[in-house]
Amino acid sequence: MHRDRHAHTERNQGGWIIKMEPGLNHILFISTALFFIGVFGFFTRKNLVTILMSVELVLNSVNLNFIAFNKYLWPNRLDGVFFTVFIIAIAAAEAAVAIAIIINLYRNHQSINVDKAEELKY
Amino acid sequence: MSLSTIIFYLLAALTLLSGLLAVTTRHIFRAAIYLLFSLLFISGIYFWLHYEFIAAVQIIVYVGGIVVLIIFSIFLTHQSGQELPKQKIGRTIFSALAAFCGFMLILLQVYQHEFVSTSEGTMEASIDNIGRQMLGTSDNGYALPFEIVSILLLAAMVGCIVIAMRTPKEIREGGL
């Protein structure tokens, strides 16, 4: 496959020139910010449901990345779309299992604080 | 500045704002609602990028499925109106510092990296193209991952039932 590697090259001369027209870098900025917002929530929260919410934010930022790369770098393919669809499906399965575990934990301990969830088995 | 640009910045700002509120608010129910809005604005960004199928899937699965599931689990595990306990200030500061440092590190990499795009024409992300390729068995087909994901969903369903199932002893003793 021969790709013209010099066509449509977007380059930031001097590093930090900020263009007003939204492009790949803008979407990457959003997804990076969203990822670390999720990481921040993951660090600070003690409640299992809120931790799950932070994980959903992180997964969404990754989806946004895939779509942006598909749109701006490989517009002739659809791989980013498929990865996003599969990530959404896996996230749904993960959320369902996690919530089943959380509710079961609450039934046994009357609490879903991570500090009190030292023993998941009994 | 065109209208499309303004809409993009509006969507971006609202996404980040509601995401930030979702991880910092101390009312857990409000956190779920802020998460819902964040996911909704992300689907708005997908619409802005002309990926209508992904935007629709995002709304159906995340907003209609996962957030509703999270709200249900909040109702089952919390007294409504109860505030989450306050975090230690040191933990918050160090978490914010770690997240900010990671953010700046990744951003530096992103802005220094030179992305090269292809110029081989475009493939429209229409339902037709997506469906043909997802179920295709040729070189670029995604039939095998599709089947694997369907098995994963089945396994998750069985797993949920097994986890939520109570033993006969528990049912006799009553309880939640």
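The values are calculated or read from the model by the stated rules, or taken from the named source; none is laboratory data. In this text the structure is predicted, and so the values were computed from the model without any measurement. Neighbour counts are summed over all protein chains in view; Cβ atoms, including those assigned to glycine, are modelled from backbone coordinates with ideal geometry.
Summary table
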quantity: Failed item, numbered, when B:Ile33 is tested on (1) facing chain A (nearest Cβ under 7 Å); (2) surrounded by 14 or more Cβ atoms within 10 Å (Cβ to Cβ); calculated: (1)
quantity: Criterion: more than 7 Å from every other protein chain (Cβ to nearest Cβ) and either at pLDDT 90 or above or out of contact with any strand residue (DSSP E or B) (no Cβ under 7 Å at 6 or more places or on another chain) (or both) - qualifying residue of A:Ile37, A:Ile90, A:Ile17, A:Ile30; calculated: A:Ile17
quantity: Hey, B:Gly90 assigned to a helix (DSSP H, G or I) and surrounded by 15 or more Cβ atoms within 10 Å (Cβ to Cβ) or not; calculated: no
quantity: Residue count for the stretch B:109-133, restricted to those that are hydrophobic (A, V, I, L, M, F, W, C) and within 21 Å of B:Phe146 (Cβ to Cβ); calculated: 4
quantity: Answer residue from the stretch B:71-81, given it is without any contact (Cβ under 8 Å) to a residue 24 or more places away in the chain and closer than 17 Å to A:Arg45 by Cβ and is surrounded by the fewest Cβ atoms within 10 Å (Cβ to Cβ) among those; calculated: B:Thr77
quantity: Total residues in the stretch A:42-76, condition at the interface with another protein chain (Cβ under 7 Å from one of its Cβ atoms), in a helix (DSSP H, G or I) and more than 10 Å from the chain's Cα centre (by Cα); calculated: 9
quantity: Cβ-Cβ under 7 Å pairs, at least 6 apart or on other chains, the stretch B:149-168 side within 7 Å of chain A (Cβ to nearest Cβ) and under 29 Å from A:Phe83 (Cβ atoms), far side among the polar types (S, T, N, Q) and part of a helix (DSSP H, G or I); calculated: B:Ile163/A:Asn104
quantity: Complete set of residues in the stretch B:106-141 that are surrounded by fewer than 13 Cβ atoms within 10 Å (Cβ to Cβ) and in a helix (DSSP H, G or I); calculated: B:Leu108, B:Gln109, B:Gln112, B:Ile127, B:Asp128, B:Gly131
quantity: Filter result for B:Ser18 (at the interface with another protein chain (Cβ under 7 Å from one of its Cβ atoms), free of Cβ contacts under 8 Å to residues at least 40 places away in the same chain, touching a helix residue (DSSP H, G or I) at 6+ places or on another chain (Cβ under 7 Å) and of a type in the set (Gly, Ala, Ser)); calculated: no
quantity: Selection status of B:Tyr46, under 15 Å from the mean Cα position of the chain (by Cα) and under 16 Å from A:Ala33 (Cβ atoms); calculated: no
